[in-house]
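I have placed the structure first, in the form of C-alpha cells, so that the comments after it can refer back to it.
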Amino acid sequence: MRIVGGKFKRKALKAPAGLDVRPTADRTRESVFNVLEHGIEDFTLRDVSVLDVFAGTGALGLEALSRGALHATLIDNDPRSLQCARANAGALGAARLVTLLKLDATALPPPPLAAQAPCGLAFLDPPYRSGLANDALLKLRDRGWIGPGSVGVVSLAADETLEAPKKYAEIDRRTYGAAQVVFLRVSP
C-alpha cells in the first residue's frame, strides 16, 4: 500500500498486522481522488480540512494531504489503528498536519478546534455491512464537523445500499470490484 499521488507519491504506508483493517486499494483510492479533483463541480482539495472517519491506516486522509489538503483529522475507535495511522503520518513527515482522535463515529461530540471544522471533505470507510455510515454522516453534519457544501465520500461493499441521508445529495456513485463509493454533498 502506498500514496498514489501528490507530494508523497509512492511513499509506503503500513497496515496493522492481524487486525480486521481493510485499507482502500491503491487503484480505488486513485480513482476516488480523480473524481474529487476532476468530477465534482465547485470542489477542490486545495486548502481544505479533511476528515478520515473509520480511518484505519489513515490512507485516505494522508492521500488528501499529499494532494493539497491543509489538515486531516483521523477518527477511529481502535487505538491500534490510530497508532498505525500516527506512524504513517510520521513516516511521511506529515505528523504536524494530522489530528488523531479515538472516537465512536456514531456518537461524536462537537469537533475540537484542532479539527479545523467545518471540514470540506469527509471520508467514511466503515466495516462492510455494518450499517454505520448513515449514523456517522448524520452526526458529522449535526455536530458541525462538516457543513453546507462539504463533500462526503462513503466506501461500502458493492452489494450494500446507502440512500443519501437528510440534508445530503448524492452526486456520484462508482463501483470498483468488491467496493462501491458514494459521493455526497451536504445541502444548505
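Structural remarks
- Checked against (1) modelled with pLDDT of 95 or more; (2) under 21 Å from residue 64 (Cβ atoms), residue 176 passes all but a single condition, namely (1).
- Leading residue by the ranking (farthest from residue 125 (Cα to Cα)) among those in segment 75-105 that are outside any helix (DSSP H, G or I) and among the aliphatic types (A, V, I, L, M): 94
- Inspection of segment 164-171 identifies at least one residue that is open to solvent by 50 Å² or more (accessible area, probe 1.4 Å), more than 28 Å from residue 16 (Cβ to Cβ) and touching a residue at least 40 places away in the same chain (Cβ under 8 Å).
- When segment 106-146 is limited to residues that are among the small types (Gly, Ala, Ser) and outside any loop (DSSP other than H, G, I, E, B), the one that is most open to solvent (accessible area, probe 1.4 Å) turns out to be 114.
- Failed item in (1) open to solvent by less than 10 Å² (accessible area, probe 1.4 Å); (2) free of Cβ contacts under 8 Å to residues at least 24 places away in the same chain, with residue 17 passing the rest: (1)
- Single residue of 150, 155 found to be in contact (Cβ under 8 Å) with a residue 40 or more places away in the chain and surrounded by 21 or more Cβ atoms within 10 Å (Cβ to Cβ): 155
- Failed condition for residue 60, given (1) more than 14 Å from the chain's Cα centre (by Cα); (2) crowded, with 21+ Cβ neighbours inside 10 Å; (3) part of a helix (DSSP H, G or I): (1)
The values are calculated or read from the model by the stated rules, or taken from the named source; none is laboratory data. In this text, all values refer to a predicted model and were calculated from it rather than measured experimentally. A quick note on method: Cβ atoms are made from the backbone with ideal geometry, for glycine too, and the neighbour counts reach across all protein chains shown. In case anyone asks, the SASA skips ligands and DNA or RNA and just uses the protein heavy atoms, side chains included. Shrake-Rupley method; radii C 1.70, N 1.55, O 1.52, S 1.80 Å.
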